[in-house]
Structures are given as structure tokens and as C-alpha cells.
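Values in this text are rule-based calculations from the coordinates and carry no lab data. Only a predicted model underlies this, so the values are computations on that prediction, with no experimental measurement involved. Please note: Cβ atoms are built from the backbone with ideal geometry, for glycine as well, and neighbour counts cover all protein chains shown.
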Amino acid sequence: MKILVIGSGGREHAIIRRLAADRPAPELHAAPGNPGIAQLASCHDVAVTDLDGQVRLATELQPDLVVIGPEAPLVAGSADRLREAGMTVFGPSAAAAVLEGSKSWAKEIMAAAGVPTAGSVTVTALEELGAGLDRVNPLGDVPYVVKADGLAAGKGVVVTPDRDAAIVHAEAVLTAGGQVVLEEYLDGPEVSLFCVSDGTRVVPLAPAQDFKRALDDDEGPNTGGMGAYSPLHWAPDGLVEEVLEKVARPTIAELAARDIPFVGILYCGLALTSHGMRVVEFNARFGDPETQVVLERLTSPFAPLLLAAARGELAEDTQLDWSEDAAVTVVIASAGYPATSRSGDPITGIDEAEADGAHVIHAGTALNADGMLVSAGGRVLSVVARGTDLADARTRALSATERIGLAGSHHRTDIARRAAEAAAGTEETA
């Protein structure tokens, strides 16, 4: 099987790494890829925003399957263009990807499908802000949740107890020509669940939890994700089936009823609140860095699963196999991230980090003119390790992380700590 993966980040590296583990291994291509991906696949210099180039490349390669990783080309219509060119594509159409591209439209779909979610108000003008905040935060309930309606690479959300800070973020989005979604705050731990869909049927992957704040103990600004782990031993029994019945299947059915079949990954971002499970957000693709730990534990063949979904031939009773091991990933971010990111800093120590069994996923890397590996983005690397339990996995991941050199970089040291302590009986909650 020949597979072309569109993308250049950590998510795509994790996808390609898992595809390469299938037997027989498929012939892998990436556009544009990155230095880590280049060790596993043939990389082609076609940008994720170059839809014409993607069509030309696919026409030349004639892959059995095209997998589109990032949200931006999906929302721009990459899957549509490739399907029009005769390709079999794993990734939703532009119409279906609006589920991620517009939070207000996603709320409309959730309401029509009866999906439990936070109460919200969409604001399009500055003069509507005050009343909107009062509606979703009655009696001054905090924190305030303000989301940019469109794509924001995981950084368009502000959760703050400070009303002035909430207004500043909302005003910045509105002044830039966007609109904002104001939501009621959902208490309780968050869970990410990826669901593979062929437009009609849905197969869930294993749940994971990620960490959005930049610093330990959930301090600092929101980011695209600083680490993740799986499995979630603390999650209630029956959670996955509840999400399928109350969220994923109704959403896929509602889209199908609107003649918008969703083929790809429906990412369900969930909060397990004191009032029950609620959807925080939908994404239209694999999440990063959760993909790194979820696919690390998947032992079933991966390529046939994606191909069956892309062809509309998914068996809903598909039972996937998972390793009993735990997986933890720690993200190494560049100096200044998330406010800024510094590029061009040399990266060292990857071989040493991988010597003890961890592996390093490239998210924002490049080769400079001298062929040296350097940073090229905000989240630069994702160090992934498996262990017999979460404590073992996080120890391995953190030990490997410490071996990597990147000037000015930072990473969290508490990924999966509370969950590991809870599993060991030294903490009460995850």
C-alpha cells in the first residue's frame, strides 16, 4: 500500500511512525514532512497550504490513500480537491471541517443533534460583549471562557477569572474581524477521544488527556498542548460508549442528514463535569499531542482502519487492540512559546534520549544550511515513552527529555503526575 500524508508537525510524524509499524509496512510519502518524518517516508516539498501542489503530487504518486493531518488544509478544501482528482482520502470535506473551523456552527450542530455541551453566546460586535458575558456568567460566575470562532491553532481560547482580561481577548478577536463564542465554564477533568468515521459509522480510539497550560500545575497561558497521557484509569466505566451514543454518532448522523458526510477523525474534546459529560469542542482531525500517546498504544493495524473509513467501508463493530502499557509524552517548546517562538537554535541529544527506549517526535524542526537540526516552531519536539504504568512511563519520558539540548526551551515536569499518584493511591483525583 502506498500512503501520502499531508502535514509537517508532530501529529503527522506520529501518524507516519505508526503507519510504518504496520506489517507489511506501506510505502510512505509526506508533504512537506519534517526531518523526523524523513527518516520514515519520502518527503516532498509541497506546503500544507498549496492545494494545487497536493493534487499534482498525488496525481504523480497515485497513492492508495491520502491522509490529511492539519486543520488548515481541511478547512481550505484539500480533501475535496483530492477527491475530485480521484484520490481516496482520509479527512473531512471543507463543509464538514467547518465543525472545527467555526465554533458557533459546531454549537448549532450540537444543538440539532442533542449533544450535551456548554451554554454559549456568539458575539459579532463590541457592544454585545457585556450582555453576552452576563448571559453565560450570571451573577458574576467565573471563570469566563472566551473563544475565537475560527481556527487559532489551539490558542484562541482564554479562560480567566478576570472579566477585564476576558473582554480584552474578545475585543482583540472582534477588532481583527472575527467573532467570539462566550461559554459557560465547565468544571471537571477534560478528556480527548478520537473517533474514526466513514460518514455513517464510528469507531472510537482510546481516550487521552492533554495539558494546555504552558507551565507546571496548569499555570501560564494556553498553548496548543504541552503533553498528554493514556490510558485514563480514573475515567468512569462506560465513558467511551456514552460518548459514542450521546456525542459522536448523533453528530455524524446530523451531518449526514444535512448531506455533509464526515469522513475522518471526529475529535471530541470533553469535560466530565459535576452535571455529567459535556462537549468542550470538536476538531476535525487528530489532536496534537494526544495522537502521540494514543497511537503509541494502538496494536491493531492502522492503515487498513484509515483506508476502510476513507472508502466508506468501516465496520462499526470493529474492535481495536491496545497495549496494556501506559504512554506519556512531554512537549519541548522553544524560547518564548506561546507568546513568541524562536527558530534556528541547534537541537542536540535526540540519540541519547532514544537510547533508553523513548522516541522523539519532531513537531517544529528543520535542517539549517549546514545540515544541523534546529528549531523551527513553537512546539519543537514531543518525547514519548511507554511503561508498565503511568509512573514508569512518565519517569522514562522525563528522563529522556532532560537529555535533549535546546537553548531557552521549556517543558512541563508534571505531565500525568496526578494520574500516576492516583493510580498508586497517593492522590484522590486525576
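Write out the trypsin sites (Lys or Arg not before Pro) in segment 192-267 meeting two conditions: DSSP loop, and at most 16 other Cβ atoms within 10 Å of their Cβ.
Filter output for segment 192-267: 258.
Under Stokes-Einstein, with the Kirkwood radius over Cα pairs standing in for Rh, what whole-number D in µm²/s applies to segment 175-245 at 20 °C and 1.002 mPa s?
In µm²/s, the coefficient is 143.
Taking a ≥ b ≥ c as the square roots of the eigenvalues of the Cα gyration tensor of segment 166-294, is the shape rounded (a/c under 1.5), prolate (a/b larger than b/c) or oblate?
oblate
Skipping prolines and chain starts, which residues have an amide H placed within reach, meaning under 5 Å, of the one on residue 345, given they are 5 or more residues away or on another chain?
375
Starting at the first residue of segment 48-57, write each ³J(HN,Hα) from the Karplus equation 6.51 cos²θ - 1.76 cosθ + 1.60 with θ = phi - 60°, in whole Hz, x for Gly and Pro.
Result, ordered by residue: 5, 8, 8, 5, 4, x, 5, 5, 4, 5 Hz.
Show the residues, 5+ positions off or on another chain, whose built amide H is closer than 5 Å to the amide H of residue 42.
HN-HN under 5 Å from residue 42: 28, 29, 30.
Distance from a point 7 Å along Cα→Cβ of residue 162 to each backbone N in segment 206-228: keep the residues under 13 Å and list them by number.
220-222
Would you kindly derive the ³J(HN,Hα) couplings of segment 301-309 from the backbone phi angles with the Karplus curve 6.51 cos²θ - 1.76 cosθ + 1.60 (θ = phi - 60°), listing them in order in whole Hz, with x for Gly and Pro?
Along segment 301-309, the couplings run x, 8, 4, x, 5, 5, 5, 4, 5 Hz.
Full extension from residue 237 to residue 84: what is 0.36 nm times the residue separation minus their Cα-Cα distance, to one decimal in nm?
50.8 nm
So if the hydrodynamic radius of the chain is defined as the Kirkwood radius over C-alpha pairs, what does Stokes-Einstein give as its diffusion coefficient at 25 °C and 0.890 mPa s, in µm² per second?
112
List the aspartates and glutamates whose alpha-carbon lies under 17 Å from that of residue 212, not counting same-chain residues fewer than 8 positions away?
Residue 212 reaches 187, 190, 281, 288, 290, 414.
For segment 36-147, max minus min Cα coordinate along each principal axis, in Å, sorted largest first?
Each principal axis gives a Cα extent; for segment 36-147 these are 60, 31, 25 Å.
Pick out which of 25, 419, 363 has the largest mean-square fluctuation in a Gaussian network model of the chain, springs linking Cα atoms closer than 10 Å.
Its mean-square fluctuation being the largest, the pick is 25.
If I build a Gaussian network model for the chain, linking alpha-carbon pairs within less than 10 angstrom, which residue out of 346, 289, 70 has the largest mean-square fluctuation?
Of 346, 289, 70, the Gaussian network model singles out 346 as fluctuating most.
Mind listing the phi-derived Karplus ³J(HN,Hα) values for segment 414-424, rounded to whole Hz, using 6.51, -1.76 and 1.60 with θ = phi - 60°, and x for any glycine or proline?
Once θ is set to phi - 60°, the couplings for segment 414-424 become 10, 4, 6, 4, 5, 5, 5, 5, 5, 5, 8 Hz.
Quick one: which residues, 5 or more positions from residue 117 or on another chain, have an amide H under 5 Å from its amide H? H modelled 1.01 Å from N in the peptide plane, none for Pro or chain starts.
Here the answer is 279, since their amide H atoms fall under 5 Å of that of residue 117.
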